[in-house]
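Notes follow once the structure below has been shown.
The values are calculated or read from the model by the stated rules, or taken from the named source; none is laboratory data. What you are looking at is a predicted structure, and each value in this text was computed from that prediction instead of being measured. Neighbour counts run over all protein chains shown; Cβ positions are idealised from the backbone, glycine included.
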Amino acid sequence: MSSNFISKYNVPGPRYTSYPTVPYWDDNTFSTSAWKSSLKRSFKGNREISLYIHLPFCESLCTFCGCNKRITKKHSVETPYIETVLREWDLYLEVLEEKPIIREVHLGGGTPTFFAPENLKLLLNMLFRKAERDCKAELSFEGHPNNTTKEHLKVLAELGFRRVSYGVQDYSEKVQKAIHRIQPFQNVKNATEHAREAGFTSVGHDIIFGLPFQTKDDIIDTIEKTKQLMPDRIAFYSYAHVPWIKGNGQRGFKDSDLPGGDEKREMYETGKKMLEDAGYIEIGMDHFALKTDSLYKAVENKTLHRNFMGYTTSSGASMIGLGVSAISDSWYGFAQNEKSVETYQELIANGIIPVFRGHILNEEDLVIRKHILNLMCRLETSWAAPEDYFEELPDVLIKLREMEADGLVIFSEKGLTIPEKGRPFVRNICMAFDLRMQAQKPNTQLFSMTV
């Protein structure tokens, strides 16, 4: 990745966990009724669903994190929150009318392991009781290495969970202090080994480059330590610095404390080579997996999918998000829950599905969404089929001509592929297809930088 490319293409851009991206959702055409109709439409063709459950509580604030969370040490919040999530599930079951088949469950946060093991067991058993469970369902959760106990792992493994992702970020003490996330290597080692002992077959580590005070040597040290544990998959991604988003807690350091574009390029290339030399295969954008992991197998089988949970191995199912701020995806529409815990709980207590914004996709959106998913998951797309062509495609291709000249995309007669050289710029390539962003250029920065 040349420094010339960094200066040319390092611009604010989405990570494309959806299309349209959230800032370009059209609230004028969205309503709770329209959202329910889109969900019924999807469910009618496929009773399989994925569940994302947002568990927002954390005992302390990590200052790199842009997620919706509530900081508290009062564990009395657990039971009322679980009761509310279960009531929300009942509201969705009324919409679906038939028993759904659960294909995938992911517990995110916040810190899911803030909750006591017995409370997680209660939550999940009650969810499963009112649905069918696919015999190959994939169940996963985000774990904090400092508070994921053997009991958490035992209980979740008994419920069928086989994948956990631990937030490592970086092992440098200086970086950890800056992001308020102190966790020694031994804690991560223990959490990883305990998960495997409990029966988890896919253990993931999240590593971030571009954090405050981070250097290339820090990346080398972190990945050398990571290689001692050989997690099954690794998310190795650029820190998303979005301090303008209200309530995300990104503070405690200055912009000048962050590595520049060339430094981040060197971190990425160094880390990528180390991971590949260790036997990891790069998957889509920012992800690496061993050949034995289901994520790699999904690439081989061309079933890799991307949504608000990141890369997943199952496609085609609707995703219902339960919990405060959770986002749902019916394929034909998106809906996001209220971000305030109190407002969320109040709406559900009144029998109202607690969505406050969303987007219903039109026919053009559906075509563009397919192309962006192809690029993000397969690094290629085609418009050979008449239904995959759209009126603005010639303009999109003109926008990509400079990237073609730089060797970042390769055109065929009715399609394009992204070579290895272009992989770091996949977000930029997707932006050329993003008709809603092209039609309404933002006046302020909405997204993190692409590199």
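Here are the numbers:
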| item | result |
| --- | --- |
| Of residues in segment 385-403 being charged (D, E, K, R) and more than 15 Å from Met431 (Cβ to Cβ), the one surrounded by the most Cβ atoms within 10 Å (Cβ to Cβ) | Asp388 |
| Residue match in segment 281-292 (condition: modelled with pLDDT under 90 and in contact with a Cys (Cβ under 6 Å, 6 or more places away or on another chain)) | yes |
| Residue within segment 394-404 that is within 25 Å of the chain's Cα centre (by Cα), outside the structural domain of Pro80 (by TED's automatic domain parsing) and in a helix (DSSP H, G or I) present | no |
| Residues that are outside any helix (DSSP H, G or I) and out of contact with any strand residue (DSSP E or B) (no Cβ under 9 Å at 6 or more places or on another chain), drawn from segment 125-165 | Lys130, Cys135, Asn146, Asn147, Thr149 |
| Some residue of segment 46-65 being part of a helix (DSSP H, G or I) and either touching a helix residue (DSSP H, G or I) at 6+ places or on another chain (Cβ under 8 Å) or in the same structural domain as Phe356 (by TED's automatic domain parsing) (or both) | no |
| Phe200 being under 23 Å from Phe253 (Cβ atoms) and not in a strand (DSSP E or B) | no |
| Subset of segment 192-218 (residues that are among the hydrophobic types (A, V, I, L, M, F, W, C), within 15 Å of Gly260 (Cα to Cα) and crowded, with 19+ Cβ neighbours inside 10 Å) | Ile208, Phe209, Leu211 |
| Residues of segment 22-33 that turn out to be touching a residue at least 40 places away in the same chain (Cβ under 8 Å), surrounded by fewer than 16 Cβ atoms within 10 Å (Cβ to Cβ) and part of a helix (DSSP H, G or I), as a count | 4 |
| Breaking point among (1) farther than 23 Å from Cys430 by Cα; (2) buried (at least 18 other Cβ atoms within 10 Å of the Cβ), for Asp286 | (1) |
| Some residue of segment 166-179 being among the polar types (S, T, N, Q) and over 24 Å from the mean Cα position of the chain (by Cα) | yes |
| Segment 43-79 - residue that is aliphatic (A, V, I, L, M) and crowded, with 22+ Cβ neighbours inside 10 Å and, of those, farthest from Val105 (Cα to Cα) | Leu55 |
| Options Thr29, Thr63, Thr17; residue that is farther than 27 Å from Leu304 by Cα, touching a strand residue (DSSP E or B) at 6+ places or on another chain (Cβ under 8 Å) and polar (S, T, N, Q) | Thr29 |
| Segment 300-317 - residue that is crowded, with 21+ Cβ neighbours inside 10 Å and among the aliphatic types (A, V, I, L, M) and, of those, farthest from Cys377 (Cα to Cα) | Ala317 |
| Identity of the residue in segment 96-119, touching a His at 6+ places or on another chain (Cβ under 7 Å) and assigned to a helix (DSSP H, G or I), that ends up surrounded by the fewest Cβ atoms within 10 Å (Cβ to Cβ) | Pro117 |
| In segment 137-159, residue surrounded by the fewest Cβ atoms within 10 Å (Cβ to Cβ) [restricted to those that are closer than 23 Å to Ala289 by Cβ and either free of Cβ contacts under 8 Å to residues at least 24 places away in the same chain or of a type in the set (A, V, I, L, M, F, W, C) (or both)] | Ala157 |
| Criterion: surrounded by fewer than 17 Cβ atoms within 10 Å (Cβ to Cβ) and either touching a strand residue (DSSP E or B) at 6+ places or on another chain (Cβ under 9 Å) or hydrophobic (A, V, I, L, M, F, W, C) (or both) - qualifying residue of Phe185, Phe236 | Phe185 |
